[in-house]
1. Multiply the residue separation of GLU38 and THR140 by 0.36 nm, subtract the distance between their alpha-carbon atoms, and state the gained length in nm to one decimal.
2. Let me have the relative contact order for region 55-189, percent, based on Cα pairs under 8 Å that are six or more residues apart.
3. How big is the gap, in Å, between the Cα center of region 57-111 and the Cα center of region 119-189?
4. Would you please put 151-157, 91-97, 114-120 in order of how densely packed they are, using the mean number of other Cβ atoms within 10 angstrom per residue and starting with the highest?
5. Regarding the chain, what's the average projected area of the Cα-atom convex hull, expressed in nm²?
6. Taking a cut-off of 17 Å, what percent of all Cα-Cα pairs in region 73-168 are separated by more than that?
7. Starting from the Cα of LEU29, step 7 Å along the direction of its Cβ; do the same at LYS102; then give the gap between the two resulting points in nm.
8. Let me know the shape class of region 21-122, please: from the alpha-carbon gyration tensor, a ≥ b ≥ c as square roots of the eigenvalues, rounded when a/c is under 1.5, otherwise prolate if a/b is greater than b/c, or oblate.
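Values quoted throughout were computed directly from the atomic coordinates according to the rules given, and no laboratory measurement underlies them. Keep in mind it's a predicted model, so treat the numbers as computed, not measured. When we count neighbours, we look across all protein chains shown, and the Cβ atoms used for this are built from the backbone with ideal geometry, even at glycine.
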Amino acid sequence: MHYHFLIHKPYGYLSQFINNGPKKGKKKLLGELYDFPEGTMAIGRLDEPSEGLLLLTTDGMMSEAVRGKKVDKEYYAQIDGLISDTALEQLKKGVEIGFNGKRYTTKKCLVKRIADPLFPERSQKIRDAKHGPTEWISITLNEGKFRQVRKMTAAVGYPTLRLVRVRIGKYSLTDLKPGLVTSLKEISV
């Protein structure tokens with residue numbers, strides 16, 4: 001029998017259960033949030049400063065199947081500045097970013113301005129308004145390179161200040177608060 005979960009990964013946590021890195025013991029891990037069964041793994045990851053929806057499972061074949069399908073993932077990014085129409089179009093068409101020491105052009109994706117989603121305050125403040133305006137955009141893509149959304153917004157001149165994944169396939173963050181977990185009977189994206 002396998003177990004499946006949705007979790008709202010809070011800011012400052014690694015998307016893993018064991019830390020073998022150089023700062024071992026100083027990083028927050030998902031296992032601190034819930035008593036997951038042995039063998040639980042994240043399907044995809046969010047980097048430490050990113051927040052939002054993660055799918056977890058004890059079924060390695062399910063994990064591989066979900067990652068193998070080009071599943072849409074939607075992110076809300078708070079960016080530094082008010083994005084231009086030109087930059088929005090560049091993001092939609094694909095931009096060149098660095099990945100594994102090489103240049104890579106991202107695939108076409110959906111990008112749009114959105115109203116402030118009014119997420120709960122995070123543990124580390126973003127910055128004060130005196131440093132200039134910020135804006136929220138939604139980016140939906142079905143690939144997932146390392147820090148891709150952050151690299152994309154920086155490539156068009158609007159660094160990401162806060163990043164929250166709100167949807168993976170048919171699963172969405174909805175009202176799941178940071179650090180909370182929901183158990184699923186199965187995963188089907």
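1. 33.5 nm
2. Answer for region 55-189 is 37 percent.
3. One Cα centre to the other: 11 Å.
4. Most protected by this proxy first, the peptides run 151-157, 91-97, 114-120.
5. If you wrap the Cα atoms of the chain in a convex hull and average its projections, you get 11.4 nm².
6. So the pairs more than 17 Å apart make up 47 percent of the total in region 73-168.
7. 3.3
8. prolate
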